[in-house]
1. Cβ-Cβ distance below 7 Å, separation of 6 or more or different chains: which pairs start in the range 1-19 with a residue that is on the phi < 0 side of the Ramachandran plot and end on one that is more than 9 Å from ligand 1 (Cβ to nearest atom) and open to solvent by 100 Å² or more (accessible area, probe 1.4 Å)?
2. Do we find that residue 86 is within 16 Å of ligand 2 (Cβ to nearest atom), within 17 Å of the chain's Cα centre (by Cα), open to solvent by less than 70 Å² (accessible area, probe 1.4 Å) and at pLDDT 90 or above in this structure?
3. Please specify each residue of the range 11-28 satisfying the condition of being polar (S, T, N, Q) and near ligand 1 (Cβ under 10 Å from one of its atoms).
4. Please determine whether any residue of the range 51-74 is in contact with a Phe, Trp or Tyr (Cβ under 6 Å, 6 or more places away or on another chain), within 29 Å of residue 14 (Cα to Cα) and not polar (S, T, N, Q).
5. Does the range 10-30 hold any residues that are open to solvent by 70 Å² or more (accessible area, probe 1.4 Å) and assigned to a loop (DSSP other than H, G, I, E, B), and which are they?
6. What about residue 108, is it touching an Asp or Glu at 6+ places or on another chain (Cβ under 8 Å) and either more than 16 Å from ligand 1 (Cβ to nearest atom) or outside any helix (DSSP H, G or I) (or both)?
7. May I ask you to list the residues in the range 31-54 that are over 19 Å from residue 68 (Cα atoms), of a type in the set (S, T, N, Q) and either in a helix (DSSP H, G or I) or touching a residue at least 60 places away in the same chain (Cβ under 8 Å) (or both)?
8. Could you please let me know if residue 70 is open to solvent by 50 Å² or more (accessible area, probe 1.4 Å) and assigned to a helix (DSSP H, G or I)?
Amino acid sequence: MDVRNCKTCGKIFNYIGGQPICPTCKRNLEDKFQEVKAYIKDNPEAQIYQVAEDTDVNINQLRQWIREERLTFSDSSTIGIECEKCGITIKTGRFCNRCKEDIAHNLGSAYGTQKKEEVNEFKNKDTTSKMRYLNRDR
Ligand SMILES: [Zn+2]
Ligand SMILES: [Zn+2]
């Protein structure tokens, strides 16, 4: 049995995977998510800080939902996050379409040999986001 402290309220709970959040906080977070989703639907032009303020959700949490592709925005929305590879503004996920293709291409050829260097370079660039990911899950 894996027992951990909830990241949000500090209570000890039986950890079953995913984010280290107790069932109560998870439910609250899910409620918040629905609230944010409804807010964005009603206010498609809102800035991300406005969303955070009006729904009382921290911006990092919002960005995480965007990264997880749970939150998406209309094309007219100015909300976006940076592609983790090239920094261009995207609406959802971790990479822009171009980088996604690049990555798929690199990964595909990584099983060969000659593209190894390129893949390593990308891995290095990606270290910070990986660390962020690890921290998040702790
Ligand atoms: Zn909790
Ligand atoms: Zn990109």
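The values are calculated or read from the model by the stated rules, or taken from the named source; none is laboratory data. Because the structure is a prediction, the values reported are computed rather than measured. Positions of Cβ are backbone-derived with ideal geometry, glycine not excepted, and every protein chain shown enters the neighbour counts. With ligands, DNA and RNA removed, areas are computed over all heavy atoms of the protein, side chains included. Shrake-Rupley method; radii C 1.70, N 1.55, O 1.52, S 1.80 Å.
1. 3/12; 5/12; 14/1
2. Numbers: within 16 Å of ligand 2 (Cβ to nearest atom): yes; within 17 Å of the chain's Cα centre (by Cα): yes; open to solvent by less than 70 Å² (accessible area, probe 1.4 Å): no; at pLDDT 90 or above: yes.
Spelling it out, it is not the case that residue 86 is within 16 Å of ligand 2 (Cβ to nearest atom), within 17 Å of the chain's Cα centre (by Cα), open to solvent by less than 70 Å² (accessible area, probe 1.4 Å) and at pLDDT 90 or above.
3. Kept after step one, since they are polar (S, T, N, Q), are these residues of the range 11-28: 14, 19, 24, 28.
Those that are polar (S, T, N, Q) and near ligand 1 (Cβ under 10 Å from one of its atoms): 24, 28.
4. Yes, the range 51-74 has at least one match.
5. 11, 16
6. Working: touching an Asp or Glu at 6+ places or on another chain (Cβ under 8 Å): no; either more than 16 Å from ligand 1 (Cβ to nearest atom) or outside any helix (DSSP H, G or I) (or both): yes.
No: the conditions fail for residue 108.
7. 50 - this is the single residue of the range 31-54 that is over 19 Å from residue 68 (Cα atoms), of a type in the set (S, T, N, Q) and either in a helix (DSSP H, G or I) or touching a residue at least 60 places away in the same chain (Cβ under 8 Å) (or both).
8. So residue 70 does not fit the description; no.
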